[in-house]
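Trainee: Pasting in a structure now, in structure tokens, and then I'll have a few things to ask.
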Amino acid sequence: MIKTIALAAIGATAVAGTAGGAWIYHNSNQISSTSQVAQVHIDGMLKPNNEIMISSPCAPTDTHAKLTTSFGATADLTPAADRGELIGFVTAPNNIGPGPADGYHTVTVTCDSGLTGTATFPSAGNGGQ
């Protein structure tokens, strides 16, 4: 009789676990969360023909990233020799028109890991504020 009760308890657990005809399975490693955003740093003024350094720490495993500016410049970011982040350089155009962010220009970095970040240049272009 004890064996019959034990089997009945196991059967009830299996039926409860298969409610709706499918096993209920949860793996906490597969929970998705809000994706992280890459930090983007701008070193230099947005003025005609000026070279500007863009950097981002990205993810620790990233060794490459792409950057795109709203004024049309693109570049690759690669590991810096003396700091734990990726760096790249863009040259501002000779004639800088208004940018898309209330007149200000932006730069977007996309890391190989998928992290993406956008920063706004502190100057509206042509050296002015």
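The values are calculated or read from the model by the stated rules, or taken from the named source; none is laboratory data. Because the structure is predicted, anything quoted here is derived from the model rather than measured. No Cβ is skipped: glycine too gets one built from the backbone with ideal geometry, and neighbour counts run over all protein chains shown.
Trainee: Let me confirm something: among 18, 78, 74, 63, which residue is at pLDDT below 90 and surrounded by 10 or more Cβ atoms within 10 Å (Cβ to Cβ)?
Mentor: On the way: 78 fails: at pLDDT below 90; 74 fails: at pLDDT below 90; 63 fails: at pLDDT below 90.
Of 18, 78, 74, 63, the one residue that is at pLDDT below 90 and surrounded by 10 or more Cβ atoms within 10 Å (Cβ to Cβ) is 18.
Trainee: Could I ask something else about it? For residues that are in contact with a strand residue (DSSP E or B) (Cβ under 6 Å, 6 or more places away or on another chain) and either free of Cβ contacts under 8 Å to residues at least 40 places away in the same chain or polar (S, T, N, Q) (or both), tally how many sit in the range 64-75.
Mentor: 6
Trainee: Moving on. Just one of (1) on the phi < 0 side of the Ramachandran plot; (2) surrounded by 13 or more Cβ atoms within 10 Å (Cβ to Cβ) trips up residue 58, so point out which.
Mentor: The number of the failed condition is (1).
Trainee: Here are the criteria: (1) modelled with pLDDT of 95 or more; (2) crowded, with 18+ Cβ neighbours inside 10 Å. Tell me which single one residue 38 does not satisfy.
Mentor: (1)
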